[in-house]
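K.L.:
Take a look at the following structure, please.
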Amino acid sequence: MTDELEIVPKADHRVMGVDHAAFPTFDPAGTVRFYRDVLRFPVVHSICAAGWGPDKHPDFIHFFFDIGNDDRIAFFYYFGLKPYGDQTAPGDSWARLDHDTPQFFTNSRHLAIHVVDEEDLLEYRKRLDDSEWPVEMQVMHETIESIYTHDPNGYMIEITRALRPVTPQEDLDAAITIDALIDIAEGEDPSMDKLLERKAQLIVERAEAWERAQQHELAPEPVLVP
Ligand SMILES: [Fe+2]
């Protein structure tokens, strides 16, 4: 026996399963109906982003459903983007791409694998950077930090760590955003502006009910008189 603390080296295999699998969608309302309303997977996170970059990136929304075990399935919806390629060809939305398809769209389908901390993320970064498939991007998002590359098949792969937990307020915000999205997605020319406008209306419509619920929560327990 020794009093000295034994330093246990970290395991070589440090990944912790799926963080999220992500796909593009041209049918956000159908996607929400299928995953949220039919399968009843809760909406747990959404990110609205205005376009950027040299690709003339369209505005988009990226939304996540909880599939259990802290894993998520996620979708990208790009406002104003029409489907690429021959939509009568066999395969899914992604398999029908043509040569003009911008990179942001092809990258939107990917698998993200979870690691617990920065040390493990950087370990995988080192393994990739020492290989034929170096890291192409390292990005700090709102709640996660990720590295990305493409595997030998051209599939995009992400390794990610959580920066902080998603808060209940963010879950609530995602739920309202997705309600607003399905309200506008099947209307004429869906856009980020229309989404935000509808979201603001829903917040006003629901504010009174939230206030009532909060007051109910804060109210003292009724005292039972014998
Ligand atoms: Fe991702």
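K.L.:
Residues of segment 135-180 being within 17 Å of residue 70 (Cα to Cα), among the hydroxyl-bearing types (Ser, Thr, Tyr), away from the ligand (no atom under 14 Å from the Cβ) and surrounded by 11 or more Cβ atoms within 10 Å (Cβ to Cβ), which ones?
P.N.:
Scanning segment 135-180 gives no hits.
K.L.:
Please work out which one of (1) within 18 Å of residue 158 (Cβ to Cβ); (2) in contact with a His (Cβ under 7 Å, 6 or more places away or on another chain) is the condition residue 51 fails and give its number.
P.N.:
It fails just one condition, (1).
K.L.:
Name the residue that is farthest from residue 179 (Cα to Cα), counting only residues in segment 208-225 that are modelled with pLDDT of 80 or more and of a type in the set (Asp, Glu).
P.N.:
Among residues in segment 208-225 that are modelled with pLDDT of 80 or more and of a type in the set (Asp, Glu), the one farthest from residue 179 (Cα to Cα) is 211.
K.L.:
Within the bounds of segment 106-118, is there any residue that is at pLDDT below 90 and part of a helix (DSSP H, G or I)?
P.N.:
Yes, segment 106-118 has at least one match.
K.L.:
Please go through segment 17-30 and give me each residue that is within 16 Å of the ligand (Cβ to nearest atom) and either surrounded by 13 or more Cβ atoms within 10 Å (Cβ to Cβ) or without any contact (Cβ under 8 Å) to a residue 12 or more places away in the chain (or both), ordered by number. Don't jump to the end; show me each part of the working.
P.N.:
Pass one, segment 17-30, residues within 16 Å of the ligand (Cβ to nearest atom): 17-25.
Selection gives 18, 19, 20, 21, 22, 23, 24, 25.
K.L.:
How many residues does segment 78-126 hold that are surrounded by 15 or more Cβ atoms within 10 Å (Cβ to Cβ) and either within 16 Å of the ligand (Cβ to nearest atom) or of a type in the set (D, E, K, R) (or both)?
P.N.:
20
K.L.:
Shifting gears a bit: Kindly provide the set of residues from segment 119-144 that are part of a loop (DSSP other than H, G, I, E, B), at pLDDT below 95 and of a type outside the set (Asp, Glu), ordered by number. Reasoning before the result, please.
P.N.:
Looking only at segment 119-144, we keep the residues that are part of a loop (DSSP other than H, G, I, E, B), and these are 130-136, 141-143.
With the extra rule that they be at pLDDT below 95, the set shrinks to 141-143.
Selection gives 141, 143.
K.L.:
Looking at segment 31-71, which of its residues are within 16 Å of the ligand (Cβ to nearest atom) and of a type in the set (Gly, Ala, Ser)?
P.N.:
If the condition is that a residue be within 16 Å of the ligand (Cβ to nearest atom) and of a type in the set (Gly, Ala, Ser), then 46, 49 are the ones that fit.
K.L.:
Additional query: Please tell me if residue 80 is in a loop (DSSP other than H, G, I, E, B) and farther than 23 Å from residue 50 by Cα.
P.N.:
no
K.L.:
In addition: Within the bounds of segment 62-82, is there any residue that is within 25 Å of residue 189 (Cβ to Cβ) and acidic (Asp, Glu)?
P.N.:
No.
K.L.:
From the list 170, 205, exactly one residue is at pLDDT below 90, more than 25 Å from residue 14 (Cβ to Cβ) and in a helix (DSSP H, G or I). Which is it?
P.N.:
The match here is 170.
The values are calculated or read from the model by the stated rules, or taken from the named source; none is laboratory data. Keep in mind that what you see is a predicted model, and the values were worked out from it rather than measured. Cβ coordinates were reconstructed from backbone atoms using ideal geometry, including for glycine residues, and neighbour counts include every protein chain displayed.
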